[in-house]
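Please see the structure below; I have some questions.
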Amino acid sequence: IPVENIRNFSIIAHVDHGKSTLADRLLEMTGAIMKNSGRSQVLDRLQVERERGITVKAQTASLNYTLNNHNYLLNLIDTPGHVDFSTEVSRSLAACQGVILLVDANQGVQAQTVANFYMAFGKELVIIPVLNKIDLKNADPEKVSGQLRTLFDISENDILKVSAKLGTGVEDVLKAVVDRLPPPPVNRETPFRALLFDSWYDRYQGAVVVVYVTDGSVKIGDEIVAMHSGKNYEIKSTGLLRPHEEPTNKLVAGQVGYLTCNMRSTKEAHIGDTLHHRNQSVTMLPDFKPANPMVFAGVYPMDQSQHVVLRSAIEKLVLNDSAVTVATDSSPALGQGWRLGFLGLLHMEVFNQRLEQEYDTQAVITAPSVTYKARIFGEKNVKRYGGSEITITNPAHFPDPCIVTEFLEPMVMGTIITPDTYLGPILSLCMERRGTQQSSTNIDNHHVIMHILLPLNEIVVDFHDHLKSISSGYASFDYEEYGFVPSRLVKLNILLNGIAVEELSMVVHASKASGVGRRVCLKLKEIIPRQMIEIAIQAAVGGKIVARETLKAYRKDVTAKLYGGDVTRRMKLLNRQAEGKKSMKLVANIRLPRETFIDVLKR
Ligand code: GTP
């Protein structure tokens, strides 16, 4: 297919605005999948994605489309919709010349719509604004068009209106992609060059990498070099994604497709890498900013006999998710485990869920923590820590405040869009989370967009849930990194019967230590099952106890309420109780349900 007839595009949208539904319609209309095949949302491959209705991993599909007797190849590059995965959005856009900016005509512009728009705008991509869900009774395309004009200077005439669910207006979207987007700026005469922008792990083929070919062509048997590592490979297969792998003899400039070349793991497939033929010198394509892990948590096997199984499960999952960082770790109570770094809390939850679903393992996950920094003084201390500024990814390694001149914590710039009726409660929530408002602008008669500087640690757990609940689901939130600032940080220790449980310790702002301490003690009292002994639950900063609760002793006899002698029933109940105990972790001689370590943080 000639380059002039190729279009590379992506659909970007706030969560639930209908991206997957629109992608399904586009696939159906171009014959890539059968209509009503009952396999809705084809691009959402993973079970977690289906269950949670969110797209985690970007996927790609090449579509054949005929318009006015011309055949076109449209490469649809799917992108995840959640803030945690915004680097995946960015990398997918590097292969595109344009985007469909999809906005729910009922909900209107949301925080991620704004973030997505600026990401595409900054890359000088053609933006096709599309209002979705016009079939809904409450859809207000007029109002939402006004928001697009106010915020992004988008003209009413350029806006398409569709119902992805019913298929109304979707044909016009395909036409607009052909008419408004330029063909990819590629060259088939120059030596082969391709941008590697995604990969996944296949048990038989190793890493399958998704590439956008910008120059020349590549075929099976070719010797190539991955510029980042300088390693050589031989091409084993090439093909298009329709959306399932369809082998081809070669890939030519302008195409988006996959190739395999015996890369052992996705770690070798560096996202943003440039591939080229051996013995050809080419300039490197622009690389991506690497995704920084923002949230760290310890992961431990329920008991050490499962260590090997859990290790192999984590290794396999990491093969498919190169954004997760892994380091080995050990803890007195939980034994040998790992400290994993995630892009955000959702990323962490999704990883955990996959661990359980795909590998049938149960793991203990400790309270998540963000990364802090500390400036330390004294030659001896600097030597001991290997530098005057240290990074703390685990509260257990929090340095003695006596040797620290300054602690620093990471901040984010948050964007909130909300109906103005909820402004009061939202501002209180932000203040309670140590946020400071930077700006506030009306986007129509009833909606406001605000920018708020917030400490990452205050939003990492349940900020989003809270925001949703105080605004009846109407406010939306997105954030970007804003660097580190000096902060008064302390380590809050949690003691059970006088023994500090390192795995429950956390770093908090000094002003919040006693409040958080009280909340955590209460929460622990609620979630730790009563046991044979009385348990004192305490929170302390340094040597000072800031909160205390007592959990009374109690023996849970599940059969007490059974009179008579139905033995089988009694056995069943006792077995169930034993099962329940198995999923407990013995810490400081106290049985803790494994959810304790993360539930303790939720408010
Ligand atoms: P993420 O993958 O999480 O970003 O979500 P998404 O943007 O892909 O949204 P999805 O396609 O899953 O749609 C979200 C919900 O909106 C689903 O329940 C859809 O059935 C519904 N939906 C999508 N398009 C339309 C539409 O045109 N009309 C109506 N009434 N509902 C729609």
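Tell me which residues come under 5 Å, amide H to amide H, from S505 once H is placed; ignore anything under 5 positions away on its chain.
Answer set, sorted by chain and number: I494.
Also, I was wondering about something else. Going Cα to Cα from K133, which aspartates and glutamates come in below 16 Å? Please leave out same-chain ones fewer than 8 positions away.
Cα-Cα hits under 16 Å: D16, D24, D104, E142, E171, D172.
Measuring from label point to label point, each 7 Å out along Cα→Cβ, what is the T283 to N157 span in nm?
Reported label-point gap for T283 and N157 is 3.7 nm.
Separate question: If you average the alpha carbon positions of the range 147-172 and of the range 425-489, how far apart do those two centres end up, in angstrom?
28 Å
Determine, for R25, R530, R433, the number of other Cβ atoms within 10 Å of each Cβ, and report the residues in order from fewest to most. Before the final figure, lay out the partial values.
Details: R25 23, R530 14, R433 18.
Result, fewest neighbours first: R530, R433, R25.
Right, next: Calculated FRET efficiency, Y554 and I499, Cβ-Cβ r, R0 25 Å, to nearest 0.05?
Details: r = 21 Å, r/R0 = 0.82.
With a Förster radius of 25 Å, E is 0.75.
Can you run phi through the Karplus equation (6.51, -1.76, 1.60; θ = phi - 60°) for the range 449-454 and list ³J(HN,Hα) in whole Hz, with x for Gly and Pro?
So the J values, rounded to whole Hz, are 10, 10, 10, 9, 8, 9.
What does the extension gain come out to for K123 and N381, with contour length at 0.36 nm per residue minus their alpha carbon separation? Could you put the intermediate results ahead of the total?
Values: separation 258, 0.36 × 258 = 92.88 nm, distance 4.52 nm.
Difference between extended and current length: 88.4 nm.
Starting from one equal scatterer on each C-alpha and no solvent at all, send me the Debye-based log10 I(q)/I(0) for the range 430-529 at q = 0.22 Å⁻¹, two decimals.
Results for the range 430-529 at q = 0.22 Å⁻¹ read -1.27.
Per 0.36 nm of contour for each residue apart, how much would the distance between Q357 and E432 grow if the chain were fully extended, relative to their Cα-Cα spacing? Walk me through the numbers before you get to the answer.
Details: separation 75, 0.36 × 75 = 27.00 nm, distance 3.66 nm.
Additional length available on full extension: 23.3 nm.
Moving on to the next point. Alpha carbon centre of the range 211-262 versus the range 317-331: separation in Å?
If you average the Cα positions of each part, the centres end up 28 Å apart.
So, R0 is 22 Å and r is the distance between the beta-carbons of D420 and D462; what FRET efficiency does that work out to, to 0.05? Each step should come with its number before you reach the end.
Details: r = 24 Å, r/R0 = 1.09.
Step by step, r from the Cβ atoms, then E = 0.35.
As I understand it, the value is the acute angle between the Cα axis of helix 170-180 and the longest principal axis of the Cα atoms of the chain; what does it come to in degrees, rounded to 10?
Roughly 70 degrees, rounded to the nearest 10.
Would you order D198, D321, D135, D400 from fewest to most other beta-carbon atoms within 10 Å of each residue's own beta-carbon?
D400, D135, D321, D198
Right, another one. What's the long-distance tail for the range 132-257, i.e. % of Cα pairs beyond 20 Å? Show your work: numbers first, answer last.
Details: 4760 of 7875 pairs.
Beyond 20 Å sits 60 percent of the P(r) for the range 132-257.
Sticking with this one: Calculate the spin-label point distance for R180 paired with R591, positioning each point 7 Å from the Cα along the beta-carbon direction, and give it in nanometres.
Rounded to a tenth, the inter-label distance reads 6.1 nm.
A further question on this structure: Filter the cross-link list K316/K468; K19/K123; K383/K512; K143/K165 down to pairs whose alpha-carbon distance in this structure exceeds 26 Å.
Working: K316/K468 35 Å; K19/K123 21 Å; K383/K512 32 Å; K143/K165 21 Å.
As for pairs spanning more than 26 Å Cα to Cα, those are K316/K468; K383/K512.
Nearest 10 degrees, 0 to 90: what angle lies between the long axis of helix 423-432 and the longest principal axis of the chain (Cα atoms)?
It is inclined by approximately 60 degrees.
For the range 22-29, just list the computed ³J(HN,Hα) in residue order, Karplus coefficients 6.51, -1.76 and 1.60, θ = phi - 60°, integers in Hz, with x standing in for Gly and Pro.
So the Karplus estimates, Gly and Pro as x, are 5, 4, 4, 4, 4, 5, 5, 5 Hz.
Taking Cα atoms, how many degrees apart are the long axis of helix 345-359 and the longest axis of the chain, rounded to 10 and kept between 0 and 90?
That works out to roughly 90 degrees.
List, in order, the whole-Hz ³J(HN,Hα) value for each residue of the range 188-200 obtained from phi through the Karplus relation with A = 6.51, B = -1.76, C = 1.60 and θ = phi - 60°; use x for Gly and Pro.
8, 8, 7, x, 3, 8, 9, 9, 8, 10, 6, 7, 9
Relative contact order for the chain using alpha-carbon pairs under 8 Å, separation at least 6, rounded to a whole percent?
Numbers: 1285 pairs, mean separation 58.2, N = 603.
Over the chain, the number comes to 10 percent.
What length, rounded to one decimal in nm, is gained on full extension from S237 through to D135, with 0.36 nm per residue of separation minus their alpha-carbon distance?
Numbers: separation 102, 0.36 × 102 = 36.72 nm, distance 4.40 nm.
Full extension of this stretch gives 32.3 nm more.
Further question on the same structure: Which order do R488, R91, R242 fall in if you start with the one that has the fewest other Cβ atoms within 10 Å?
Numbers: R488 14, R91 22, R242 18.
Going from least to most buried by this count: R488, R242, R91.
Quickly work out the T391-to-R264 label distance, labels modelled 7 Å from Cα along the C-beta direction, and quote it in nm with one decimal.
The two pseudo-label positions are separated by 2.5 nm.
Pull up all non-local amide H partners of H447: gap of 5 or more, or a different chain, and H-to-H distance under 5 Å with H placed in the peptide plane.
D420
Let me ask another. Calculate, in whole percent, how much of the Cα-Cα pair population of the chain lies beyond 34 Å. Please report the intermediate quantities before stating the final value.
Numbers: 90950 of 181503 pairs.
So the portion of pairs separated by more than 34 Å is 50 percent.
FYI, it's all coordinate maths here, none of it is from the lab. Fair warning: this is a prediction, and the values are worked out from it, not measured in the lab. Cβ: placed from backbone, ideal geometry, glycine included. Neighbour counts: every protein chain shown.
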